[in-house]
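Nothing in this text is a laboratory measurement; each read-out follows from the coordinates by a stated rule. Quick caveat: nothing in here was measured; it's all calculated off a predicted structure. FYI the Cβ positions are ideal-geometry reconstructions off the backbone, even for glycines, and counts take in every protein chain you see.
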Amino acid sequence: MRHLADGIVEVDASGRIAGVREAAGAEATGVIDLRPLVLLPGMVDLHAHLPQLPNAGLGAGLDLLTWLERYIFPIEQGWSDPEHAGRISASAFRAFAAAGTTTVLAYGAVYRAALDAAFEAAEAHGIRAILGKVMMDRITYDDRIDRSTILERSLRESEELCARWHGADDGRLGYAVTPRFAVSCTAEMLRESAALAARTGAWWQTHVSEDPGEIAEVARLFPEATDYVDVYDRAGGLGPRTVLAHAIHLSERELARLVETGTRIAHCPASNLFLASGVMPLATYLDAGLVVGLGSDVAGGPDASMFSVMAVGAYVQTVRRVVLDDPLPTLGPLDWLRMGTFEGARALGLDDRIGSLEAGKEADLVAVDPRYAEALRDLPYDPTAIDPADIMSRLIFRSHPDMVRGAWVRGRRLEGPPG
Ligand SMILES: [Zn+2]
């Protein structure tokens with residue numbers, strides 16, 4: 001962790017960080033003076049659902065399966081219209097950038113054309129995006145889809161989307177093969193989708209162990225499996241290119257197996273509270289060596305802001321420590337910043353490119369105005385007097401929807417933040 005009270009980040013013509021240094025008096029031309037804003041690595045959101053953003057904040061307190069039926073499947077059906085999908089995606093990418101997120105790993109809906117539209121929107125916007133067409137062959141939310149060919153068709157469409165978009169724009173866009181979760185997929189779909197990801201080098205993303213009702217249903221549907229993680233293990237789905245969302249209620253065996261295979265976890269604390277899913281024993285997982293980044297899980301989570309996800313995550317871990325007398329240490333504000341940036345990049349295997357402000361990395365940056373997080377905003381603000389952990393503490397626990405004033409990917413400014 002490094003903090004410069006008054007620093008310069010040099011970005012070269014290709015959008016890479018050429019150097020990070022202390023500002024030394026008068027600077028040459030071409031310098032954008034952002035003081036007193038705080039320049040941070042762009043946030044990495046490891047789990048979001050693009051079609052669901054319009055319903056963010058609705059349905060608090062419902063259990064997962066009821067919430068899906070009532071608030072989510074109908075809105076995902078709207079993506080059968082690719083123009084609508086393109087509009088929602090463009091708006092969603094502006095919202096992510098406005099929240100300070102420069103990399104997003106997200107689910108689309110089950111429609112191929114909608115995903116082409118979503119990728120086109122990401123291509124135009126400039127955000128770093130890894131997206132996937134949702135695959136479901138056991139249950140589906142669109143009765144117009146022919147059930148007899150649903151598996152073959154979903155695989156073929158995923159493969160075509162992957163061929164078109166995985167690695168596009170020199171790796172700014174990527175494809176994640178996306179079976180929704182074990183409840184909506186047959187063992188064959190899980191297996192074939194994992195094989196597709198392995199064959200193409202794409203990511204593989206799905207949900208695991210989110211909600212007690214869901215876990216019971218998976219046990220009923222897959223009686224041959226030892227536990228929920230074993231369902232994906234048998235499909236060949238575990239490994240460092242796999243990002244599993246939630247993973248709240250893992251057994252010791254499941255945790256050990258995820259660590260052993262290098263499988264990545266998207267921790268979505270705001271969603272887990274919003275849908276009353278449970279509380280992750282995060283410190284235990286980190287202690288075991290699991291790679292964990294953060295996810296907003298909008299619209300399971302009510303807010304796309306990773307700052308607000310960090311705040312909820314921190315409160316939840318405090319509750320664990322206080323109420324359950326969990327002996328492991330609590331994470332501080334800089335630990336949460338790291339989890340929302342560098343660890344997210346590491347979870348995606350992109351930590352050689354993004355996740356921190358270091359020479360040689362691509363310039364994915366956000367500029368945040370710390371004055372928005374002050375309690376008394378009409379008093380003079382002295383940026384040099386504040387400790388970095390204190391700055392982050394304010395930005396996390398007093399985050400403001402307008403505090404992100406700029407977001408860049410590869411040095412290119414993204415539409416979204418108010419500027
Ligand atoms: Zn989700």
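Summary of values
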read-out	value
Rounded to the nearest 20 debye, dipole of the chain from Cβ charges on Lys, Arg, Asp, Glu	340 debye
GNM result for the chain, Cα springs below 10 Å: residue of ALA98, ALA219, ALA124 fluctuating most strongly	ALA124
Relative contact order for the chain, counting Cα pairs under 8 Å that sit 6 or more residues apart, in percent	22 percent
Positive dipole terminus of the chain, leading residue within GLY201, LEU68, GLY236 (C-beta point charges)	GLY201
Shape of segment 241-358, Cα gyration tensor, a/c cut at 1.5	rounded
Per-residue ³J(HN,Hα) for segment 46-51, Karplus 6.51 cos²θ - 1.76 cosθ + 1.60, θ = phi - 60°, Hz, x for Gly and Pro	8, 7, 7, 10, 4, x
Cα gyration tensor, the chain - rounded (a/c under 1.5), prolate or oblate	prolate
10 Å Cβ shell holding at most 14 others, DSSP loop, trypsin sites (Lys or Arg not before Pro): longest site-free stretch of the chain	145-376
With Cα atoms, 0 to 90° folded angle of helix 306-323 axis to the chain main axis	80 degrees
Segment 123-210, relative contact order [Cα under 8 Å, separation at least 6], %	35 percent
Highest-fluctuation residue, ILE354, ILE130, ILE17 considered, GNM on the chain with Cα pairs under 10 Å	ILE17
Relative contact order computed over segment 43-166 (Cα-Cα under 8 Å; 6+ residues apart), in percent	27 percent
Choice from ILE72, ILE150, ILE386 with maximal GNM fluctuation in the chain (Cα, 10 Å cutoff)	ILE386
Antiparallel content of DSSP bridges confined to the chain, in %, to 5	35 percent
Mean residue ellipticity (222 nm) of the chain, computed from DSSP H runs ≥ 4 via -39,500 (n - 2.57), nearest 500	-11000 deg cm²/dmol
Low-density loop positions, GluC sites (Glu not before Pro), segment 168-264 - DSSP coil, at most 13 other Cβ in 10 Å	GLU224
